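Structure first, commentary second.
The values are calculated or read from the model by the stated rules, or taken from the named source; none is laboratory data. This structure is a prediction, so every number in the text was calculated from the model and none was measured. For the accessible areas, the whole protein counts, side chains as well, though only heavy atoms, and no ligand, DNA or RNA atoms are used. Shrake-Rupley method; radii C 1.70, N 1.55, O 1.52, S 1.80 Å.
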Amino acid sequence: MYNKQTWLDEIPDITRPILDSSGKQKTDPQTGRPLFELVQAGTRITSNRLNTMEGGIESAHTLVEKLAKEMGGNFVAVIDDVMGLVCSAEGLKASWTAGVAYVGGRRYEITAGEMPLNPTQGQYLYVDVDGVVKKTTSQITAKSGLLLFYVATDTSGVISTTDQRVNLSVQEAYEVALEAKQLGNERKADVVAALIAMGVTASTSDTWSHLITKMTEVIKSKGNAMPSDVRVGKRFSNSEEADIVGALPERSTDTLTIIPGVSTKTNPPGIYGGDIIVPGEPNLLGENILVNKSIYGVPGSLVPNKVTEYPAQSKSLRTNTAGYSFIYDTIMELNPNKRNLILFPGLTKSYTQAYSAGYPDNVTCVLAVRTQNRIVQISNTIITSSSQSNLADSRSTSFGDISVDLAAKKITCVVNNNVSTYTIDDPNPSFLRLVFGVAKYRVDNYTPMVESFGAVRWEAIAFEY
């Protein structure tokens, strides 16, 4: 705050001279001015008072610059409805009219002038922070001061120009601010009315900060959703908190098809934007399910004609023949005129196994359904060697329940916990067997051939119906 100094004139009473002891009038020793008694003592001029005055002038200039920065920054002043610093270009020369420019909050009175332009170049005319009109090819440099004019030239003259001046009318700024204030008051009245309608005490005399707090309380007063209930990234509020971010992940936007199998399939929680399809199975009927069994809640009513139990056992086949060889053995005789269901309940794993003691190119152990004219592999275990390694190798594949229906030309088998379906078509089957075999192939036919073999292990109950 500037402290104003009140200055008083010195008023002498010329009828009352100040006399010395001899009766002569005294004079001021510095100025030689005759001295009189004073009617009013004047304010003395001191360095302190003069410095206070200078400080006030400096503060006033600082305030003006600050206000200029806050209200407009860099701009061309409009005086008597005329905006100065009008730029033009002709040939390779640019000129401008006089005007008042504010740059960084400082006021500069710019006189009219001109300057040469560079050929074949885009150039900016601007008032720099020192109040001098300059040119540059950099828009960033020009905008650091007050940008006036852009001109593009060819070898001899102007191609195009653009007026870049920015002006500020204090009256216009005031009117815009007044309009914004009025609009804010109207919006505040709308908010207050809405809060009162919801039973919340509010007034237009409340500050916006208080109104926002009241609105937040209203928002928090309803809802019980949690982040795990709302799509990730979306915002919501509940009775405990406002502006909460959801955490429920979006898993897929495509159609999701779920195929039932022998093991449980779990989809993690989340949002699945597409259709979720669980296809039906037309053969999921009680007549196709053993009595005292159920599949997905469908009780079985099928009573088998024959039940054969196979205790835990295993078989193996061996071969050391050079070149190609395939041998197989029967492990079950089935009825070709009936539907057959083979369950493997006893062992933790029924499997086929291929084994090589040396380096054949391929050893395959297969489990197959065989009729008089057809053989269909339903499980195989393969060893493939691309180098002559002397290391022994053994691999196995597990299998589960098998259903064979020659009338429907269909075989269903569970291999490595996955359900597979095969087609078998033999118009005149005289027998139906479950077999396993071992196939070996050695590309170079070298002899002697190291031993390779296949094995099968199972424990089962076979039904025909």
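Below, the figures for the structure above:
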read-out	value
Mean separation of Cα contacts under 8 Å (6+ apart) over length of region 210-280, as relative contact order %	25
Inter-part distance where region 77-137 and region 219-266 are each reduced to a Cα centre, Å	61
Surface accessible to a 1.4 Å probe, Asp243 within the full protein complex, Å²	100
For Ser379, residues with placed amide H under 5 Å, excluding near neighbours	Leu367
Accessible surface ranking that places the most exposed of Ile79, Ile289, Ile159 first, with a 1.4 angstrom probe	Ile159, Ile79, Ile289
Antiparallel DSSP beta bridges within region 227-303, percent to nearest 5	40
Solvent exposure of region 200-306 as accessible area per residue, Å², 1.4 Å probe	71
From phi via Karplus (6.51, -1.76, 1.60), per-residue ³J(HN,Hα) for region 331-343 in Hz, x at Gly/Pro	10, 8, 9, 10, 8, x, 9, 10, 7, 10, 10, 10, 10
Long-range amide H partners of Leu117 with built H, under 5 Å	Lys93, Ala94
Long pairs among Lys93/Lys143; Lys293/Lys338; Lys143/Lys188; Lys265/Lys410, criterion Cα-Cα beyond 28 Å	Lys143/Lys188
Cα gyration tensor, region 190-331 - rounded (a/c under 1.5), prolate or oblate	prolate
Other-chain or far-sequence residues with amide H under 5 Å of Gly104's (modelled H)	Asn74
Tyr465 accessible area, 1.4 Å probe, all protein chains in place, Å² to nearest 10	40
Carbon plus sulfur fraction of accessible area for region 248-324, probe 1.4 Å, in percent	52
3J(HN,Hα) from dihedral phi, region 291-307, Karplus parametrisation 6.51/-1.76/1.60, rounded to Hz, x for glycine, proline	4, 6, 10, 9, 10, 6, x, 9, x, x, 10, 6, 9, x, 7, 8, 10
